[in-house]
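To keep things clear, I will list the structure first and then write my remarks on it.
The values are calculated or read from the model by the stated rules, or taken from the named source; none is laboratory data. Owing to the predicted nature of the structure, the values given are computational and were not obtained by experimental measurement. Note: ideal-geometry Cβ built from the backbone for every residue, glycine included; neighbour counts use all protein chains shown. The accessibility values were calculated without ligands, DNA or RNA, using every heavy atom of the protein model including side chains. Shrake-Rupley method; radii C 1.70, N 1.55, O 1.52, S 1.80 Å.
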Amino acid sequence: VMFGSGLYPGFAAFYAGTNAESVTQVSDLLTAECKRLADKGLDKEEFDAAKAKVLFSYSSLMSNNEALLFNAALEEFYGNGCDHPWHTPGIIRKLTLKQVNAVYKKYFSNVKGVYVSAGAHAPKTETT
């Protein structure tokens, strides 16, 4: 799963490295995981680990002047104010498991995905 700011807020990206023979199996596993998140959400252990990972990654971003400036500009563009990157860790810390699981349920139910395979023997790109 990728976490980061960009020009298009609100996407989820999953990445898996595999061999050509396993592409369909991996695609099915990713689809099943999206369904699990929509139906059941994260458990407390997964939520705590994800929150710690996001906060750690964000602390790295805050120590990189170029990334900080880029994110401050994007936050201003989004209407959040250029000081939003300094408020984000506090916002993340206040998130609850119930809130996060409600978002998974809302956005991962009836999810449409784009699967892209690359490599010498990759099957055709599939959209579902």
| field | Accessible area in square angstrom per residue, the chain, 1.4 angstrom probe | value | 75 Å²
| message | Over 20 Å between Cα atoms: which of Lys35/Lys94; Lys53/Lys105; Lys51/Lys112; Lys40/Lys105 fall into that group? | response | Lys35/Lys94; Lys53/Lys105; Lys51/Lys112
| What 222 nm value per residue comes from the helices of the chain, counting each DSSP H run with n ≥ 4 as -39,500 (n - 2.57) and dividing by all residues, nearest 500 deg cm²/dmol? | -18500 deg cm²/dmol
| field | Top of Thr96, Thr88, Thr18 by mean-square fluctuation, Gaussian network on the chain, Cα under 10 Å | value | Thr18
| field | Portion, in percent, of the accessible area of the chain that falls on carbon or sulfur, probe 1.4 Å | value | 60 percent
| Given N residues in region 71-119, what is Rg(Cα) / (2.2 N^0.38 Å)? | 1.63
| request: Using label points projected 7 Å from each Cα along Cα→Cβ, tell me how many nm separate Ala50 and Gln99, to one decimal. | output: 1.4 nm
| field | Charge-dipole axis of the chain as Lys and Arg at +1 and Asp and Glu at -1 on Cβ define it, positive-most pick from Gly79, Thr31, Asn64 | value | Thr31
| task | Of the listed values (i) 2, 9, 14, 12, 10, 8, 7, 6, 6, 4, 4, 3, 2, 2, 2, 2, 1, 1, 1, 1, 1, 0, 0, 0, 0, 0; (ii) 2, 9, 15, 18, 17, 15, 14, 8, 2, 0; (iii) 2, 11, 18, 23, 22, 14, 7, 3, 1, 0, grab the one calculated as P(r) over Cα pairs in 5 Å bins from 0, in percent from the structure here. | result | (ii)
| field | Nearest-20 debye value, the chain charge dipole, Cβ charges on Lys, Arg, Asp, Glu | value | 440 debye
| request: Note the angle between two axes, namely the Cα long axis of helix 65-78 and the longest principal axis of the Cα atoms of the chain, as a number of degrees from 0 to 90, rounded to the nearest 10. | output: 90 degrees
| query | Which shape class, rounded, prolate or oblate, goes with region 47-87 when its Cα gyration tensor gives a ≥ b ≥ c as root eigenvalues, a/c under 1.5 marks rounded, and past that a/b bigger than b/c marks prolate? | reply | oblate
| query | If the chain between Thr31 and Ser117 were fully stretched, how many nm would it gain, using 0.36 nm times the residue separation less the Cα-Cα distance? | reply | 29.5 nm
| task | Apply the Karplus parameterisation 6.51 cos²θ - 1.76 cosθ + 1.60, with θ equal to phi minus 60°, to every residue of region 26-32 and state each ³J(HN,Hα) to the nearest whole Hz, in sequence, with x for glycine and proline. | result | 5, 4, 5, 5, 5, 4, 5
| note | Nearest 10, in degrees from 0 to 90: the angle of helix 44-62 to the longest Cα principal axis of the chain is 60 degrees
